[in-house]
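What follows is a short report on a single structure.
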Amino acid sequence: MGVLREEKPNSGKVVTPHMPQASRLPAMGETTLLKELDAHGVKFSGRMESSSGWLYALASWVLPLLIMAGIYRVGIRKMGQSGGLLTFGKNRAKIHDQSEQLKVTFEDVAGVDEAKAELVEVVDFLKHPKKYQALGGRIPKGVLLVGPPGTGKTLLARAVAGEAGVAIFSLSGSEFVEMFVGVGAARVRDLFEQAKAKAPCIIFIDELDAIGKSRSVGGVFTNDGREQTLNQLLVEIDGFDSSEGVIIMAATNTPEVLDPALLRGGRFDRQVTLDRPDLEGREAILRVHTRKVKLAASADLSVIAARTPGMVGSDLATIVNQAALLAARRGAAEVERRDFEEAIDRVMLGLEKKKQVMSAEEKERVAYHETGHTLVALSVKHADPVHRVSIIPRSVGALGYTLQLPLHEKYLMTQPEIEDQIAVMLGGRAAEEIIYQGVVSTGSSNDLERASELVRQVVTRFGMSAELGPLTWGVPNSARFLQTPFSTEPRNYSERTAHMINEEARRMITEIYAQAKGILTERQADLKSIAGELMRKETLYRADLDRLLTPAQPTAASQGRLQ
Ligand code: ADP
Ligand code: MG
Ligand code: ZN
């Protein structure tokens, strides 16, 4: 599904000049003259004058020019009709006109409800730019769609355009890179010019990372073309006012490599995350893709969704497609359960090779680990409320996540707040230790890293350790860029102090860890019931958690506060 209509804006536009038709044209003049000479019996001889005469000039110069001008005019008119591209062969932006029947809407994108909810505002703005202009409100300029490959970023961008009924100018970042220096930048300029003329509309840059990679990455041998392109992009983004009715959207699956300049305020300052779909989401996606497929009663989509944890929209689209093909090959009239089973196996095999599928044991461990974070967050006094917990990997390297949303923005943290935050970080490992009789996994390394960094800061930056006193020790992180990579960190403290810092950090972590473990040991019943439900549903929301928790916990007071 979802074949993009590839417009060929160049058809009829790129002109291959015809050979100057010099050899034929002089004949026109000759005919009458020769006839007359013949008639009067005049003997004559002739020699081709190759580079003189107005006829020749006319033939070799003026006519081809006229022809070209003609073709150019026709071409331009054609381009105008196709609602397409203006400048001669320069830009290959694909424009999806919304009049066509290939229009994509939010209904075609399933399992990403939060992302859609965040984009409703953008759609509304594109629909009624006047309303916003009159109010003078600040409209987002750039929206960055972030998520693993195949989660529907490109699809969603087109759906936003479809919902708003505006054109979308899309270009892929990778189309910029393998080009001569300067061409990429020129294309960016063109793209924006075209879009402004067609406002309201969307500019969509797919695979933004291809041009938007941090300029510092790559060292000495930077790609000049890419850097120019990126700079041009920044100039263009800054140079227009979103009240003109143009919204820039971009997609990437590696937001961490993007040049920070792109993410600064007034550029791609709004990020919309597309997660891998959970059970419900996968079923919804399957439903979208089976709309035109004849399903047998045996092909229960909820069962198929349960069989495909970790898979993204594009995987599911492939499965439906494959299953339909298999059924057709069997000569069956309907797609049956077994067709899906086989299609799943095939797709799974490919994913296993790419290491994107978790085993059942791993899934269980991840469930306990995440539940550990969640339960500690629900139990301690100062943690941000848990919004959602999931064992569907959200980013590269992660296997699950617990999402806490702060009630309001914080500018300061007190020592108890930091300690509670560390407790939440350590909750994952503590849960593993409790459930698996002391056998822990590598899954906590990132948690430990963050907790260690934080506790070190407590001691060396915040002066919160009674042992070391209200002093800062060492060079703050923010000043580290002043150092060359070769200089060792200048320590303004003695070996003995270094030892004390380490000891103090370890003491704090150990204490907080014991506290987290204590909480989880006490709430083991909850730990098990939540982890079990998490394994079944893959994602649990706050309401699910509240329903599962044993009432009348000693921490009930703090829970009330967290809601
Ligand atoms: P991305 O840009 O995130 O890599 P795409 O938008 O290109 O992913 O998705 C590829 C295809 O997979 C889509 O054309 C669509 O058929 C299917 N797909 C992906 N995500 C979804 C989704 N959330 N809902 C429905 N179909 C999806
Ligand atoms: Mg894409
Ligand atoms: Zn963790």
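Values quoted throughout were computed directly from the atomic coordinates according to the rules given, and no laboratory measurement underlies them. Here the structure is a predicted model, which means the values were calculated and not measured. Using ideal geometry, Cβ is built from the backbone for each residue, glycine included, and neighbour counts are taken over all protein chains shown.
For this structure, a couple of remarks:
- The phi torsions of the range 494-510, fed into the Karplus equation with coefficients 6.51, -1.76 and 1.60 and a -60° offset, translate into couplings of 7, 4, 5, 5, 4, 4, 5, 4, 4, 4, 5, 4, 5, 4, 4, 4, 4 Hz, rounded to whole numbers, with Gly and Pro shown as x.
- Amide hydrogen proximity for Ser172: with H placed 1.01 Å from N in the peptide plane, the residues at 5 or more positions away or on another chain lying under 5 Å are Asp206.
- Burial ranking of peptide ranges 430-436, 545-551, 248-254 (average Cβ count within 10 Å, highest at the top): 248-254, 430-436, 545-551
- Sorted peptide list for 190-198, 308-316, criterion being average Cβ within 10 angstrom, highest first: 308-316, 190-198
- Taking amide hydrogens as placed 1.01 Å from N in the peptide plane, the amide H of Met249 sits under 5 Å from those of Val143, Ile203, Phe204, Ile205, each at least 5 positions away in sequence or on another chain.
- Residue order, fewest to most surrounding Cβ atoms within 10 angstrom, among Leu233, Leu448: Leu448, Leu233
- Relative contact order, percent, the range 279-349 [alpha-carbon distance under 8 Å, six or more residues apart]: 39
- Reachable aspartates and glutamates, given that their alpha-carbon falls under 17 Å from the alpha-carbon of Lys131 and they are not under 8 places away in the same chain: Glu121, Asp241, Glu244
- The packing ranking, built from the mean of other Cβ atoms within 10 Å per residue, places the peptides 336-343, 273-280, 460-467 in the order 273-280, 336-343, 460-467, highest first.
- Out-of-range pairs (alpha-carbon distance over 20 Å; input Lys130/Lys153; Lys141/Lys198; Lys103/Lys153; Lys116/Lys363): Lys130/Lys153; Lys116/Lys363
- Cβ-Cβ distance of Val475 and Ala297, R₀ of 60 Å, FRET efficiency by 1/(1 + (r/R0)^6): the value works out to about 0.30.
- Computed over the Cα atoms of the range 279-349, pair by distinct pair, the Kirkwood hydrodynamic radius stands at 11.6 angstrom.
- Efficiency of FRET between Thr521 and Ser494 - r from beta-carbon atoms, R0 45 angstrom, step 0.05: 0.65
- Extending 7 Å from Cα along the Cβ direction at Asp124 and again at Leu351 yields two label points whose distance is 3.6 nm.
- Candidate cross-link partners of Lys381 among the aspartates and glutamates, defined by an alpha-carbon separation under 17 Å and a same-chain spacing of 8 or more, comprise Glu417, Glu419, Asp420, Glu511, Glu522, Asp546.
- Estimated from the Cβ-Cβ distance and a Förster radius of 30 angstrom, the FRET efficiency linking Lys410 and Thr273 is about 0.90.
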